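*Asks:* Below: one structure in structure tokens.
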Amino acid sequence: MTEEEFDIIDELYFVTAYVDLKEATELPDDKLKRNLMNMAKRGWIRVYKNVDEESELDQLDLENDFQSYFYLASKKGLFKHNSQ
């Protein structure tokens, strides 16, 4: 887990809107997007269309709509985060 990924997971103990995640991590859109996509593929985070609606990755357009989603660390992601 990279330092950026660690910092992102640190902010995702609760469902978090992209805009709030960006503000907390202070990462530019391109870096945050790249990290979120990689972490979602690894199963370290879950992606929500809205606060109450988790979605399957194949039903989302993370490439283009990443700023409109909400994010949450998964059990797998939290385990990886806390074991470092």
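The values are calculated or read from the model by the stated rules, or taken from the named source; none is laboratory data. Computed from a prediction, not measured in an experiment: that's the story for all the values here. All Cβ positions, even for glycine, are placed from backbone atoms using ideal geometry, and neighbour counts span all protein chains on display.
*Asks:* I'd like the full set of residues that are in a helix (DSSP H, G or I) and within 13 Å of Lys41 (Cα to Cα), limited to region 60-69.
*Replies:* Leu62, Glu63
*Asks:* State the number of residues belonging to region 42-59 that are under 17 Å from Thr25 (Cβ atoms) and part of a strand (DSSP E or B).
*Replies:* Number satisfying all stated conditions: 2.
*Asks:* Tell me the residue from Asn50, Asn35 that is at pLDDT 95 or above and polar (S, T, N, Q), please.
*Replies:* Result of the check over Asn50, Asn35: Asn35.
*Asks:* On to the next question. Output the residue which, of all residues in region 66-84 that are of a type in the set (Gly, Ala, Ser) and touching a residue at least 24 places away in the same chain (Cβ under 8 Å), is farthest from Asn38 (Cα to Cα).
*Replies:* Ser68
*Asks:* For Phe79, only one of the following conditions fails: (1) closer than 17 Å to Thr16 by Cα; (2) modelled with pLDDT of 90 or more. What is its number?
*Replies:* The single condition Phe79 does not satisfy is (1).
*Asks:* Run down Met39, Met1 and say which single residue is among the aliphatic types (A, V, I, L, M) and either within 13 Å of the chain's Cα centre (by Cα) or not in a loop (DSSP other than H, G, I, E, B) (or both).
*Replies:* None of the others qualify; the one that does is Met39.
*Asks:* Let me ask something else about it. Report yes if Asp30 is surrounded by fewer than 12 Cβ atoms within 10 Å (Cβ to Cβ), more than 10 Å from the chain's Cα centre (by Cα) and either without any contact (Cβ under 8 Å) to a residue 24 or more places away in the chain or within 25 Å of Gln84 (Cβ to Cβ) (or both), otherwise no.
*Replies:* yes
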